[in-house]
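Written below as structure tokens is the structure these notes are about.
The values are calculated or read from the model by the stated rules, or taken from the named source; none is laboratory data. Keep in mind it's a predicted model, so treat the numbers as computed, not measured. Reconstructed Cβ throughout: ideal geometry from the backbone, glycine too, with neighbour counts over all protein chains shown. Each accessible area value is taken on the protein alone, full model and side chains, heavy atoms only, with ligands, DNA and RNA left out. Shrake-Rupley method; radii C 1.70, N 1.55, O 1.52, S 1.80 Å.
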Amino acid sequence: MAQSRLHVELLRYTPRPEEVVAMGAKLCYSPADINDLKQGIESKDQAGFVDKLVAMGHMSPVEHVSFTFGVEGISRACSHQIVRHRVASYSQQSQRYVGEQTDKHQGKVFDYVIPPTVADAGKAPWFEEKMQIIQGWYDELNAALGNRGEKSQEDARFILPNAAETKIIITMNARELLHFFRVRCCNRAQWEIRAMADEMLRKVKAVAPMLFKEAGPGCLKGKCPEGKMTCGKTEEVREKFRNM
């Protein structure tokens, strides 16, 4: 079992996102009608304007564009953290309807994530053994509940661990994404959601480079917001995101 099978795809996003943001911002200050404003914005490169807008902190126009990601190979522990970001929409694979039964003859178990610290401590085989045991418990409980005519998977899932893999689709507007990157790309964030956030940032930078030019953890443009809990690696972090 691999330590992580993280895979992030940018499934959809608002077409020409930086033009949409520019339209929202310029409408606030322009007497032009919508069609004239649209034509004027489409005829020019809006990169410089969007860069200035973000630098000024005029963020409400940034909410007009959204990005939808497909994420797989993360643990339930990670997904529990993701859904704390409430200005977003989520669709997650259900353990109620998607069972974790496997072919016992092949010795397979449900997909799960092994934390790097577990592997580094030489405990990966021990961890894998425990996942095999949990699979047996799950199968036993699922069968017992099914024999009673109960909704077996619905309650058998209670015995599954946070390590169990899940899949999720996430939609966030650009303003919420900037906040998400600020807190989840930070070295203080849990390793799994940090790796996911880094991949998400790479994806959006490719399609909206000016919107996400300065995106990343809170220490990129000023003092570390973690205070006494800082990782102490500000320059290293800044270099990482300059090269992303």
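Here are the numbers for this structure:
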item	result
Only listed residue being touching a residue at least 40 places away in the same chain (Cβ under 8 Å), part of a helix (DSSP H, G or I) and in contact with a Ser or Thr (Cβ under 7 Å, 6 or more places away or on another chain), chosen from 192, 199	192
Selection within the stretch 125-172 - among the small types (Gly, Ala, Ser) and open to solvent by 20 Å² or more (accessible area, probe 1.4 Å)	136, 143, 144, 146, 149, 152
Residue, most open to solvent (accessible area, probe 1.4 Å), within the stretch 219-236, restricted to residues that are farther than 27 Å from residue 172 by Cα and of a type in the set (A, V, I, L, M, F, W, C)	229
Verdict on residue 175 being surrounded by 17 or more Cβ atoms within 10 Å (Cβ to Cβ) and in contact with an Asp or Glu (Cβ under 8 Å, 6 or more places away or on another chain)	yes
Residue within the stretch 110-118 that is open to solvent by less than 30 Å² (accessible area, probe 1.4 Å) and closer than 25 Å to residue 202 by Cβ present	yes
Some residue of the stretch 164-172 being of a type in the set (Asp, Glu), touching a residue at least 24 places away in the same chain (Cβ under 8 Å) and assigned to a strand (DSSP E or B)	yes
Considering residues of the stretch 219-244 that are in a helix (DSSP H, G or I) and among the aliphatic types (A, V, I, L, M) only, the residue farthest from residue 163 (Cα to Cα)	220
Output for the stretch 113-147, where each listed residue is within 12 Å of residue 161 (Cβ to Cβ), at pLDDT 95 or above and of a type in the set (Ser, Thr, Tyr)	none
Any hit, the stretch 2-12, residues being touching an Asp or Glu at 6+ places or on another chain (Cβ under 9 Å), at pLDDT below 90, of a type outside the set (D, E, K, R) and over 28 Å from residue 192 (Cβ atoms)	no
Those residues of the stretch 202-213 which are surrounded by 14 or more Cβ atoms within 10 Å (Cβ to Cβ) and assigned to a helix (DSSP H, G or I), in sequence order	203, 204, 205, 207
Residue in the stretch 188-197 that is open to solvent by less than 60 Å² (accessible area, probe 1.4 Å), out of contact with any Lys or Arg (no Cβ under 9 Å at 6 or more places or on another chain) and over 28 Å from residue 17 (Cβ atoms) present	no
Single unsatisfied condition, residue 216 versus (1) part of a loop (DSSP other than H, G, I, E, B); (2) touching a helix residue (DSSP H, G or I) at 6+ places or on another chain (Cβ under 6 Å); (3) open to solvent by 10 Å² or more (accessible area, probe 1.4 Å); (4) at pLDDT 95 or above	(3)
